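Everything on this sheet refers to the single structure shown next.
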Amino acid sequence: MAWDEWEQLKNQVAQKQSARMQLNQLPADGGGGSTPQGDLTVDQKDLAAIGDRAFKLWEDLGRYGRDAWSSSQTAASDLKTQGFTLGGAVDRVQSRWEEQLTSLLDACAHISNHMDFTKKVHQGDEYYIGGQISSISTLDKGFDGGKGH
């Protein structure tokens, strides 16, 4: 194969790949939705619900996630004793399960604890104006020359 032919083939492949790869993005004007960019709204009830669900999942995984451990270890040991290589595989699957379970338990605990912390830190961030909850971004609009100013 000649060098020129090789370069031509590389260029053809590169053109095909660049034509297929496109990334979605917002328009340059920052549009894309009715919510202003950077305005995240959440209330105490939302944070509590997320934290409670994470804690419940943590409890259930801790309680039931290791139910098969004893029987899996017994099976792995018996298979190894009888000379089956499957025993080592069962043991490896059980070890991997334990690693993944521990990782998931840690993630659930982290989420639960973070939601509790966030709820406490931001407890006073909502303001009542005329009987309605108003977010910081709503209050800021009053100082930015909004309606009536």
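Structure above, values below:
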read-out: Positive minus negative residues near residue 109 (Lys, Arg vs Asp, Glu; Cβ under 15 Å); value: -2
read-out: Local electrostatic count, residue 89, Cβ distance below 12 Å [Lys/Arg +1, Asp/Glu -1]; value: +2
read-out: Label-point gap, in nm, between residue 106 and residue 121 - each point 7 angstrom along Cα→Cβ; value: 2.1
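Laboratory data are not the source of any read-out in this text; all were calculated from the coordinates shown. What you see is a predicted model; the values in this text were computed from it and never measured. A quick note on method: Cβ atoms are made from the backbone with ideal geometry, for glycine too, and the neighbour counts reach across all protein chains shown.
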